[in-house]
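In what follows, a single structure is set out as structure tokens and then discussed.
The values are calculated or read from the model by the stated rules, or taken from the named source; none is laboratory data. Keep in mind that what you see is a predicted model, and the values were worked out from it rather than measured. Cβ sites come from the backbone with ideal geometry, for glycine too, and all protein chains shown count toward neighbours.
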Amino acid sequence: MWLVVLIHTHMKCPKCKYDDTKVVDSREATEGSEIRRRRECEKCNFRFTTFERIETANFLVIKKDGSREPYNREKVRGGIWKACEKRQVTEEQIVALIDKLEAEWIGFGKEVPTKMIGEGVMDALKELDEVAYIRFASVYRHFKDLESFKKELSKLLD
């Protein structure tokens with residue numbers, strides 16, 4: 001089901017930077033976890049698409065050195081995309097993977113260790129694409145030599 005609405009907002013046009021755009025179409029995206037909006041600039045009539053999602057993952061990440069920083073979905077998404085480069089993995093699969101992981105991480109409270117995030121991403125990638133898993137693991141686990149890489153590969157093959 002889709003919904004057409006005309007809402008004026010103060011989102012800037014990416015083309016001419018004018019402050020007023022209107023929403024000309026809204027639809028659910030990514031199985032209802034996002035809303036896709038088609039917008040049109042009031043000045044130059046340029047049309048563009050935006051996505052809205054409810055911010056559900058609002059927690060701190062505890063880094064290896066003990067410091068804390070706010071969770072950043074785009075940082076996780078970027079790491080996953082690097083691992084999945086030139087693989088048969090879609091944006092929808094990655095969004096679903098991150099949504100599922102975030103739901104798990106939120107269950108651990110207001111602070112989540114990076115180790116839990118990294119291990120969660122690795123486990124999810126192992127199910128999604130084995131090559132992406134090896135790529136991510138090689139960066140995350142900092143393989144120092146061929147022997148440590150072989151051990152991880154043999155675990156995957158077993």
Some residue of region 42-57 being farther than 30 Å from T21 by Cβ and touching a residue at least 40 places away in the same chain (Cβ under 8 Å): no
Filter the strands (runs of 3 or more DSSP E) completely within region 18-119 down to those with at least 3 residues that are more than 26 Å from E130 (Cα to Cα). 21-29, 34-41, 47-53, 60-62, 68-70
Looking at region 19-30, which of the residues that are more than 12 Å from F48 (Cβ to Cβ) and touching an Asp or Glu at 6+ places or on another chain (Cβ under 7 Å) is modelled with the lowest pLDDT? T30
Flag if K86 is exposed (fewer than 15 other Cβ atoms within 10 Å of the Cβ), modelled with pLDDT of 90 or more, within 30 Å of F136 (Cβ to Cβ) and in contact with a helix residue (DSSP H, G or I) (Cβ under 7 Å, 6 or more places away or on another chain): no
Considering each of R73, R38 in turn, give the residue that is surrounded by 12 or more Cβ atoms within 10 Å (Cβ to Cβ) and outside the structural domain of D129 (by TED's automatic domain parsing). R38
Determine whether region 126-134 contains at least one residue that is part of a helix (DSSP H, G or I) and surrounded by fewer than 14 Cβ atoms within 10 Å (Cβ to Cβ). yes
